[in-house]
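The values are calculated or read from the model by the stated rules, or taken from the named source; none is laboratory data. These numbers come from a predicted model, not from an experiment. Because the Cβ atoms are built from the backbone with ideal geometry, glycine has one as well, and the counts that use them run over all protein chains shown.
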Amino acid sequence: MSYGTVIRVLGNLLTVEAGLMIPSLLVSLYYNQDDSTAFFISILITGIIGFIMSKSFNYKNGIKAKEGLAIVVFGWILISFFGSLPFVFSGSIPSWIDAFFETVSGFTTTGATIVDNVEVLPKGILFWRSFTHWVGGMGILVFTIAIIPTLGVGGFQIFKVESPGPAPDRIVPKVRDTAKVLYITYVIITITELILLLFGGMSLFDSALHTFGTVGTGGFGIKNASIGAYDSTYIHLIIGIFMILSGVNFSLYYFLYKGKWREVARNGELRLYLGIIIVSVVLIALNINKTIYHNWGFSLRDSFFQVGSIITTTGYSTVDFDKWPTFSKAILFLLMFIGSSAGSTAGGIKVIRILVLLKLVKREFAKIFHPRAMIPIKIGDKIVPNETVAGISSFFALYMIIFILGTIVISLEGIDFESSASAVAATLGNIGPGLGFVGPSKTYSQFSYPGKLLLSLFMLLGRLELFTIIVLFSPNTWRKEMLSNKGRFKLRKLWRR
């Protein structure tokens, strides 16, 4: 592994993060808030350390798989650590572990918070807190690839590791151009929602922060009642629609731009994604209308919003859905695992994996009657390679194993099974609010420090899709690295002789 390359790229990443803190500093200065000093110090520390790291080590063109893994994993840990500095220095979240939890939750677009009264936070802190969603949604390293030319060669290893989904690929030949296409789409959706929220009577500040949380599918609210604080069906519908749009594979928007409407309409993942949403909305609306609302308009509106919020792993809420009937909560709990499309800003297992698993089950049924038949799994007109099918099956199994073990460990916090299971599901799926102890009207502040660190790990595992972190920290990985280094050392000694 080229450690110099890894450290230098991580230095560039910290330099970028320092620049990304500047808008929050400007917001703080504009509103004359006392958190401006905290941002200035944080920018200075992050920028200086990033500059030193980026200039002190040799850089080799080309980033291999192992370097890509190290850059992505350590990159997300570093940006979360340095991103927590404004919270600590401003006194908004004095505890470093709490601040780290909040920052990880922001960058991973989870939206799980330890802040019990968010409305007392300074404007700059609120802006940075929501802005981390927007930056982390598409991936801060993808953003870095788009703006730093030195990552153009070999940058696909980073793009491949950080991008969600079983088989991420370039939209256009060059990975840097692919990153730019994704971010142009991202910005267009962001500006469109921002304008529409302004039309709904929301202030510019509130519109910007809720847009960051929606398009990034993050869900950090700036009101204690989340979106429920805005008694406007228009605002609820706009945010609900854009949450669902942000859960669509972003490459499909590029295909629409290129006029490939038929290809988009026939996309199996998109059709299943929208189908799950429609069925879930109808079933929950029927359930809550009969038991609670007795008003079809409100039942459909709130059902649509919460289904969109959970399946896209955004985590906004307009009502306390923890008070809904068990049937409705069971559907929402299931949606926590499914998530949205690969190539979107959302978390979860991803609809494309669910689609492949369903086809795999269907194939096994067919083989009962035709045991010698060679039945390929197809998505549209394309055959899914056996390696991809095996990878998806392994991912699903590992996801469920981590969920079960995580639930058992979190239950040591002394909370009930429903709360333990939903806390793990909500952090591993990058959703935020869950049920019971971590419902939409509650926060994660009651967890112990070890519990918060474990949940932070789940958030990172979910955002980086499990294998990335597990493989990098596998003892076997570093054993091979040490053996390889010893081999190179022996060769150098023989060469000198």
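So the values come out like this:
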| item | result |
| --- | --- |
| Unique residue being under 15 Å from the mean Cα position of the chain (by Cα) and farther than 25 Å from Gly75 by Cβ when the list is Pro440, Pro433, Pro385 | Pro433 |
| Sole exception among (1) free of Cβ contacts under 8 Å to residues at least 40 places away in the same chain; (2) in a helix (DSSP H, G or I) for Thr214, by number | (1) |
| Selected residue (criterion: farthest from Ala70 (Cα to Cα)) from residues of region 16-35 that are of a type in the set (S, T, N, Q) and surrounded by 21 or more Cβ atoms within 10 Å (Cβ to Cβ) | Ser28 |
| Meets criteria (in contact (Cβ under 8 Å) with a residue 12 or more places away in the chain, among the aliphatic types (A, V, I, L, M) and assigned to a helix (DSSP H, G or I)) for Ile97 | yes |
| Among (1) assigned to a helix (DSSP H, G or I); (2) modelled with pLDDT of 90 or more; (3) surrounded by 15 or more Cβ atoms within 10 Å (Cβ to Cβ), the one test that Tyr444 misses | (1) |
| Restricting region 174-207 to residues that are surrounded by 22 or more Cβ atoms within 10 Å (Cβ to Cβ) and of a type in the set (A, V, I, L, M, F, W, C), the residue that is modelled with the lowest pLDDT | Val175 |
| Residue check for Leu194: free of Cβ contacts under 8 Å to residues at least 24 places away in the same chain, part of a helix (DSSP H, G or I) and closer than 19 Å to Gly247 by Cβ | yes |
| Criterion: under 23 Å from Thr108 (Cα atoms), touching a Gly at 6+ places or on another chain (Cβ under 6 Å), without any contact (Cβ under 8 Å) to a residue 40 or more places away in the chain and not aromatic (Phe, Trp, Tyr) - qualifying residue of Ala346, Ala342, Ala397, Ala423 | Ala423 |
| Enumerated helices (runs of 4 or more DSSP H) restricted to region 1-59, each holding at least 2 residues that are over 24 Å from the mean Cα position of the chain (by Cα) and either among the hydrophobic types (A, V, I, L, M, F, W, C) or at pLDDT 90 or above (or both) | 22-30, 36-55 |
| Matching residues, region 271-300, being among the small types (Gly, Ala, Ser) and in contact with a helix residue (DSSP H, G or I) (Cβ under 7 Å, 6 or more places away or on another chain) | Ser280, Ala285, Ser299 |
| Search result, residues across region 311-362 that are of a type in the set (Val, Ile, Thr), under 16 Å from the mean Cα position of the chain (by Cα) and not in a loop (DSSP other than H, G, I, E, B) | Ile311, Ile338, Val351 |
| Matching entry among Asn267, Asn249, Asn287, Asn295 (being farther than 18 Å from Lys350 by Cα, among the polar types (S, T, N, Q) and surrounded by 19 or more Cβ atoms within 10 Å (Cβ to Cβ)) | Asn287 |
| Test: residue in region 93-103 that is surrounded by fewer than 23 Cβ atoms within 10 Å (Cβ to Cβ), farther than 22 Å from Ala426 by Cα and of a type in the set (S, T, N, Q) | yes |
| Check on Ile244, of a type in the set (A, V, I, L, M, F, W, C), on the phi < 0 side of the Ramachandran plot and more than 23 Å from the chain's Cα centre (by Cα) | no |
| Neighbours by Cβ (under 6 Å, 6+ apart or cross-chain): first from region 305-325, surrounded by fewer than 24 Cβ atoms within 10 Å (Cβ to Cβ); second small (Gly, Ala, Ser) and not in a helix (DSSP H, G or I) | Asp320/Ser441; Asp322/Gly439 |
